[in-house]
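Asker: Questions regarding the structure given below will be posed in turn.
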Amino acid sequence: MSNQSTSSVPHAKLNPNGAGAAAVLAAGIGSFLVAVFAILADKVASIKSLMNFYKPTGPLSGVTTCAIIVWLAAWALLHWRWSWRNVAVGRVTAAAFILLFLGLLLTFPPLADLF
Amino acid sequence: MEITVHGLWTMIHGMGFGALYLMACSGALVELYRRYRSPLGPEIKEEDERFLRIYLTAMAVLAWLTVLTGAYIIYPWYRAVPPPGTADLAAFPQRLLMTSPSTSAWHSIGMEWKEHVAWIVPISITMAAVVFSQYRRSLRIHPELRAAVLGFVWASLLAAGIAGFFGATLNKNAPVAGGPIIHIVQGDQK
C-alpha cells in the first residue's frame, strides 16, 4: 500500500492513519479467515482432524483459534509497518469491507457448500 | 421453580452476554454517528469520550464472553454424542434435530452458520474499540477510519443478530438442558 496523505488537516500528520488502517485491514482479514478455515475444515478430512484442538468443541476450536491467531499476527505486522505513517486508507478500508463481506457471506452454509 | 445447570449457562450466554451485546450495539452506533458526523460539530467533551471508550471496551468484553461461553461451555453439550441405543435424545440437541427432516436444517444451516459467523463479532468490535481509543476526537479528521469503525460495528450487529436469532430458535426446537438441577423457589402445592 503506497504512502498517501489523506487529509490536509495538520493534526493528521501528528496522528497518522496507519495504526487505524492496520487494525481495520486486520479485522477484515480475521473475519474472512473464519470462513476460509471453516470451509477447509469442512471439506478436507485431514484439516478437520488437525483443527480438533479441544475434543468436546470439535473442529470449531481449531478453526476459530487459527483465525484469531492469524488475525492478531496480521494486525501486529501491519501495525509495525504502518503505525508511524499515513497510508491510502480509502483503499485499505475498501479491501477490509470486501473481506468482511466475504466472511459474512461464506459462513452461510449453502454458499460454503458450493466449494 | 428450578433450572438445570446447562439451561442456566445457556441463559447466561444468550440472554446475558448475547442479548446485552445486541442492545449495546444500537447505542454505540447512535453515539458514533452523532458525535463524529461533522468535522464542524460541537466540541466533544473529555468525559464523553472516556464514556464511549469504556462503552466500546465493555462491548468487546461482552462479545468475547459470548463466543467463548458458546463454543467452550454450551456447544460441547449441544453436540454430545449419545451412547448407542439411546432412545430419549432430549439431552442431545444436535442428534435430536437431525432425527427429523422438519428440524435438521436448524442444525445444518442454523447452527453451522451461527457457530462461525458469531466470531466476526468480537473481531469487529475489538477493532472498533481499539481504533476509537487510539484516535478519539481526531476520528473527525479521519473520515475513512470513522466509516470503517461504523461499518464494522454495523457488521457486528448483523452477525450478532444472526447468531442470536438461530440461538433462540435452536434452543426452542432442541433446548440445551441437563446437568444438576438448581432449585430456585419452592412453589405452593395445590
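Where a number appears in this text, it was derived from the coordinates with a stated rule and is not lab data. Just so it is clear, the structure is predicted and the values come from calculations on it, not from any experiment. Here the Cβ positions follow ideal geometry from the backbone for every residue, glycine too, while neighbour counts run over all protein chains shown.
Asker: Hey, in the GNM for chain A with a 10 angstrom Cα cutoff, which one of A:Asn17, A:Asn52, A:Asn86 fluctuates hardest?
Answerer: It is A:Asn52.
Asker: Ok, one more. Only Cα pairs within less than 10 Å get springs; with that Gaussian network setup on chain B, which residue of B:Leu29, B:Leu62, B:Leu157 has the largest fluctuation?
Answerer: B:Leu29
Asker: Over segment A:24-112, what is the mean sequence separation of C-alpha contacts under 8 Å (at least six apart), divided by residue count, expressed as relative contact order in percent?
Answerer: It rounds to 47 percent for segment A:24-112.
Asker: For the protein assembly as shown: lysine pairs with Cα atoms under 25 Å, gap of 8 or more or different chains, count? Working shown, then result.
Answerer: Values: A:Lys13/B:Lys45; A:Lys43/A:Lys55; A:Lys43/B:Lys114; A:Lys48/B:Lys114; A:Lys55/B:Lys114; B:Lys114/B:Lys172.
Count of close lysine pairs: 6.
Asker: Would you kindly calculate the mean projected area, averaged across all directions, of the convex hull enclosing the Cα atoms of chain B, in square nanometres?
Answerer: 14.5 nm²
Asker: Find which of B:Ala160, B:Leu139, B:Asn173 sits farthest along the positive direction of the dipole of chain B, computed with +1 on the beta-carbon of Lys and Arg, -1 on that of Asp and Glu, about the Cα centre.
Answerer: The Cα lying farthest towards the positive end belongs to B:Leu139.
Asker: If we count other beta carbons within 10 Å of each Cβ, what is the order of A:Ser31, A:Ser49, fewest first?
Answerer: Placing the least packed residue first, the sequence is A:Ser49, A:Ser31.
Asker: Here's a follow-up. Which angle between 0 and 90 degrees, to the nearest 10, do you get for helix B:19-36 versus the longest principal axis of chain B when only C-alpha atoms count?
Answerer: 10 degrees
Asker: Averaging the inverse of every distinct alpha carbon separation and then flipping it gives the Kirkwood radius. What is it for segment B:119-182, in angstrom units?
Answerer: Averaging 1/r across every pair of different Cα atoms and inverting gives 13.9 Å.
Asker: Only four residue types carry charge here, +1 at the Cβ of Lys and Arg and -1 at the Cβ of Asp and Glu. Report the dipole size of chain B about the Cα centre in Debye, rounded to the nearest 20.
Answerer: On the way: 15 positive and 12 negative charges, 82 e Å.
With Lys and Arg at +1 and Asp and Glu at -1, about 400 debye.
Asker: So, one more: Would you mind ranking B:Asp88, B:Asp188, B:Asp48 so that the residue whose beta carbon has the fewest other beta carbons within 10 Å leads the list?
Answerer: B:Asp188, B:Asp88, B:Asp48
Asker: Return the calculated 222 nm mean residue ellipticity for the protein assembly as shown, to the nearest 500 deg cm²/dmol, obtained by summing -39500 (n - 2.57) across DSSP H runs with n ≥ 4 and dividing by the residue count.
Answerer: Taken over the protein assembly as shown, the calculation gives -20500 deg cm²/dmol.
Asker: Can you list the GluC sites (Glu not before Pro) in segment B:1-81 that are in a DSSP coil and have 14 or fewer other beta carbons within 10 angstrom?
Answerer: Details: sites: B:Glu2, B:Glu31, B:Glu43, B:Glu46, B:Glu47, B:Glu49; in loops: B:Glu43.
Passing sites in segment B:1-81 are B:Glu43.
Asker: Quick one: pull the percentage of alpha-carbon pairs in chain A with a separation above 22 Å.
Answerer: Beyond 22 Å sits 43 percent of the P(r) for chain A.
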